[in-house]
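Written out below as structure tokens is the structure these notes cover.
The values are calculated or read from the model by the stated rules, or taken from the named source; none is laboratory data. What you see is a predicted model, and the numbers here were worked out from it, not measured in a lab. Cβ: placed from backbone, ideal geometry, glycine included. Neighbour counts: every protein chain shown.
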Amino acid sequence: MIGTIRRIGVALGLAVIAACARKPVTLAPVAAPQAPAADAVRDSLWQELETAFRQGHWDDTQRRIDQISAMLTPADPRYFRMHFIQGEVHLAKRDALQAVREFRRVADEMPEGPLAADALVRAGDANAELWRKPQLDPTYGDAARTIYEEVVARYPGTPAARRAALRLRELSEKYARKDYLNALFYMRFKAWDSAILLLRSVIATYPQTEVVPDALEHLVRAYQRINYQEDVKETCQYIRQYYPDPAGPVRLCKA
């Protein structure tokens, strides 16, 4: 009898164990590792970008821009700053056309934004960079002049407008020198009338430029070569009034 009870107890114990084996085991949940927050990653990349830009490390700046560009939207105030910096990187690496596109994007997509006026000035600078020698085609110089004039008109009284006005004076020097060099070209081939027209244009259009005294001197010489005495007299009167320096063109004018 006792043996029978033991056998029944063992059988029941085995049945319980078997039932437990078939039941799924519930494990305590394990916390997934925490990834860095997106905002923290973006902020860190932005700080690295700004640091590289301030230090003039253009390749590092470009890498950071490539990394962060997909994370910024136009609603983020850093979005247009990023494109402004991209323009500066292109300009520093002598890719002026791409620089113009980036600067214009900042100015055109957010014309009332804090970077718009400065971006326009830099777009003008990038175009001016493409017109490096006065004797070359001034197409890019014309584009730069148009942009600078736009800045002066749209943002009067601002630091950007003052810089644009200064750039316009610098461009005037290049335009004046271009016409002056063309006039000398005509003089070498004794095309006096063409040379005279250009020299007079330089003096009338760009009266404050550095090349005007030389233009006046060559104008007097051109008149003398073709014996235009009345024109020599009138030009010398102008020279005596505005350029009386004895070392200047007035030395060609007899009393």
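Miscellaneous remarks
- Within this structure, Asp108 fails the test of being at pLDDT below 95 and out of contact with any strand residue (DSSP E or B) (no Cβ under 7 Å at 6 or more places or on another chain).
- Residue match in region 126-141 (condition: touching a Gly at 6+ places or on another chain (Cβ under 7 Å), closer than 14 Å to Lys174 by Cα and not in a helix (DSSP H, G or I)): yes
- Restricting region 162-196 to residues that are of a type in the set (Ser, Thr, Tyr) and touching a residue at least 12 places away in the same chain (Cβ under 8 Å), the residue that is surrounded by the most Cβ atoms within 10 Å (Cβ to Cβ): Tyr180
- With respect to the conditions (1) β-branched (Val, Ile, Thr); (2) in a helix (DSSP H, G or I); (3) surrounded by 15 or more Cβ atoms within 10 Å (Cβ to Cβ), Thr209 lacks only one, and its number is (2).
- In region 94-146, of all residues being of a type in the set (Ser, Thr, Tyr) and within 16 Å of Lys178 (Cβ to Cβ), the one that is farthest from the chain's Cα centre (by Cα) corresponds to Thr139.
- If the condition is being without any contact (Cβ under 8 Å) to a residue 24 or more places away in the chain, out of contact with any Leu (no Cβ under 6 Å at 6 or more places or on another chain) and part of a helix (DSSP H, G or I), then region 239-255 contributes Arg240, Gln241, Tyr242, Val250, Arg251.
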